[in-house]
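First the structure, in the form of structure tokens, and then the observations on it.
The values are calculated or read from the model by the stated rules, or taken from the named source; none is laboratory data. Because the structure is a prediction, the values reported are computed rather than measured. Glycine also receives a Cβ, built like all others from the backbone with ideal geometry; neighbour counts cover every protein chain displayed. What goes into the accessible areas is simple: the full protein's heavy atoms, side chains included, and nothing from ligands, DNA or RNA. Shrake-Rupley method; radii C 1.70, N 1.55, O 1.52, S 1.80 Å.
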Amino acid sequence: MKTCPIRSLAIIASACWTLPQAFAAQAPAPRDIGNAATAGNYLAARQANLERDADAAATYYRAALRADQRNPELLEQTFYSVLADGDIEEAARLADRLVQLDKNNRNAHQENAHLVLGVHALKYKQYKDAKTHFALATHGPINDLTGTLLSAWSSFGANDIKGAVDSIDKLTGPEWYGIFKEMQAGMMFDLANNKKDAAKRLEHAYKLDSTGPRIMQSYASFLSRNGSRDEALKMYEDFDGQAPRNPLALEALALLRKDEPLPRLADSPQAGAAEALYDLGALLGRREEEMSLANRGLAYLQLALYLDPNHSLSLLALADLYEAMKKPELAIKIYERVPATSPFKRNSEIQLAIDLDSLDRTDEAKKHLEKLIAAKPDDMEAIVALANIERERKQFDACSDAYGKAITQLPSQTKANWTLFYFRGICFERDKQWTKAEADFKHALELYPDQPHVLNYLGYSWVDQGTHLDEGMDMIKRSVEQRPDDGYIVDSLGWAYFRIGNYDEAVKNLERAVELKPVDPTINDHLGDVYWKVDRALEAKFQWSHARDLKPDDDELKKIEEKLKVGLAENDKTNAAGPDKPKKQAGDGG
């Protein structure tokens with residue numbers, strides 16, 4: 001087995017855990033909401049859930065619960081919303097009330113409450129109580145694994161190292177358990193200075209999944225401290241080759257090249273338990289398309305940070321999950337918590353700026369990045385982030401300069417650098433500096449021959465200008481062959497046919513593009529234009545009306561409204577919306 005089977009893991013996880021009230025789209029109403037004020041707070045909390053706003057949901061549920069202390073459904077919903085919001089101290093108090101409701105009846109809510117109570121006890125080194133709660137939180141594959149690992153760290157904290165590892169070894173379950181069991185047991189042996197067993201377990205975990213970054217880190221760290229520095233160095237060099245400029249790899253390589261040992265991933269039972277919660281939380285959090293799994297990942301990451309507030313990867317995973325939930329303002333708050341000593345601090349500052357821009361706080365975002373660049377002028381990531389923001393905000397003169405600065409930082413030009421020339425070419429082209437743009441597009445193709453986005457952009461631009469028609473059409477066709485289901489690229493082919501007067505092929509390709517991207521205003525506008533050219537005026541006006549309603553840019557909107565009034569001029573083959581299509585699709589970089 002090379003990797004953990006995420007699909008099967010997700011299926012069983014969804015069956016054994018939910019946060020039905022944390023960000024739930026359909027939270028069930030309590031049987032008796034009580035007075036009007038309570039009902040109002042409950043409905044406000046429900047709306048906050050729909051908007052995936054845990055902070056607001058927790059606030060309103062707290063208020064509703066204060067007015068109706070004996071309502072068990074409100075208690076459950078408040079518990080989950082507070083847990084999702086990261087207030088674990090309050091979640092533990094609510095969890096205690098939940099388990100007191102019916103001590104003799106185990107259900108999913110009480111098991112989740114016991115998990116939180118166990119983590120709370122573990123944080124305060126109340127290891128016996130922690131084990132008791134974790135024992136009551138195990139039901140189903142994910143809960144069994146989580147409860148067992150956290151209980152084992154509680155045993156470790158109580159100096160029962162043998163009992164801790166034995167409990168892990170006795171756990172039976174799906175094949176993918178093996179990775180977690182071996183890594184966690186290896187970390188325990190390492191922390192206990194049992195070098196022989198630590199080496200055995202960590203090596204086995206690495207063999208089970210040599211692609212897992214945390215597994216590699218744990219094993220390489222052990223090797224660096226136990227006479228195998230060169231082997232650890234090679235592992236990180238290989239990792240850096242696969243994921244260049246990863247901050248953890250850069251930090252580790254710097255230490256190893258100075259012949260300094262690498263620190264352990266966990267230096268306490270609390271940190272070890274946090275690592276277990278992070279590993280599972282990050283995995284489940286990636287399944288944000290399945291709300292119950294994302295909610296569970298969110299809860300695990302909050303619990304991990306409760307145990308280890310400076311766990312950088314948990315912070316980054318939580319921020320990433322908030323971004324996936326379209327909550328950049330929450331992600332910003334998490335990025336601000338990344339410790340200054342973390343190798344990921346600078347990356348978090350860059351991502352914070354990107355989130356500021358997504359909130360239309362572009363000036364703040366640019367100033368933030370400019371400050372980072374001033375402090376470290378050779379920071380490629382910050383320079384490119386600034387260039388990307390300027391390009392997306394149509395500040396084309398500025399973005400061409402920024403991409404140029406990034407290009408000057410390249411020690412050598414490789415295939416991976418094609419995007420820098422491609423995006424600078426876009427900025428030049430939009431700034432009406434075609435000669436420079438054309439040179440950049442050609443250079444991007446030299447670095448990455450047949451790259452579909454570059455073929456599409458350069459080919460379309462040539463056809464649009466009426467030059468290199470055959471070569472340009474050939475480029476667009478080759479792009480479509482590689483990306484037949486990319487609506488923007490198919491649109492480019494259709495619009496190119498329109499530009500050369502081949503309306504039959506234009507209709508065929510633009511209809512296909514609309515099927516692929518039905519809510520894009522420019523593609524619908526293009527289809528309207530070609531319908532007009534083939535005397536399908538009613539259908540043309542329908543497409544233009546649809547394009548207008550899809551909120552195009554102001555310049556496009558004016559032209560669409562004019563066409564709705566008078567149609568398309570007989571000799572009009574120029575549509576200001578046309579050249580935008582390569583630009584629009586180009587933004588994804590790949």
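Data for the structure
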item: MRE, 222 nm, helices only [DSSP H, n ≥ 4, -39500 (n - 2.57), over the chain, to nearest 500]; result: -23000 deg cm²/dmol
item: Most to least packed among 79-89, 202-212 [average Cβ atoms within 10 Å]; result: 79-89, 202-212
item: Within-10-Å neighbourhood charge of ALA273 [Cβ basis; K, R +1; D, E -1]; result: -1
item: Length gained when the stretch ARG66-ASP197 is fully extended (0.36 nm per residue, less Cα-Cα span); result: 41.9 nm
item: Between the stretch 415-440 and the stretch 130-147, the alpha-carbon center distance in angstrom; result: 56 Å
item: Förster radius 22 Å - calculated FRET efficiency between ASP267 and ALA135, Cβ distance, rounded to 0.05; result: 0.25
item: Tensor-based shape of the stretch 405-454 (alpha-carbon gyration tensor, a/c under 1.5 rounded, otherwise prolate or oblate); result: oblate
item: Summed residue charge, Cβ within 13 Å of ALA45's Cβ, Lys/Arg positive, Asp/Glu negative; result: -3
item: Contour minus Cα-Cα distance for ASN159 and ALA340 (0.36 nm per residue); result: 61.9 nm
item: Mean Cβ neighbour count within 10 Å, used as a protection proxy, ranking 336-349, 144-157 highest first; result: 144-157, 336-349
item: Inter-label distance, nm, simple model (7 Å from Cα along the C-beta direction), GLU260/ALA569; result: 6.9 nm
item: In nm, spacing of pseudo-spin labels at ASP401 and ASP240 (7 Å Cα→C-beta vector); result: 3.3 nm
item: Translational D in µm²/s for the chain (Stokes-Einstein at 37 °C, 0.692 mPa s, Kirkwood Rh from C-alpha pairs); result: 121 µm²/s
item: Computed E for GLN100/LYS394 - FRET, C-beta separation, R0 51 angstrom, nearest 0.05; result: 0.30
item: Inverse of mean 1/r across different Cα pairs in the stretch 407-566, Kirkwood, Å; result: 16.5 Å
item: Potential extension, GLN465-GLU251 segment - 0.36 nm per residue separation minus Cα distance; result: 72.1 nm
item: Carbon + sulfur, % of accessible area of the chain - ligands and nucleic acids excluded, 1.4 Å; result: 49 percent
item: The stretch 524-567: C-alpha gyration tensor shape, a/c 1.5 cut-off, then a/b vs b/c; result: prolate
item: Length-normalised contact order for the chain - Cα pairs under 8 Å, 6+ apart - percent; result: 7 percent
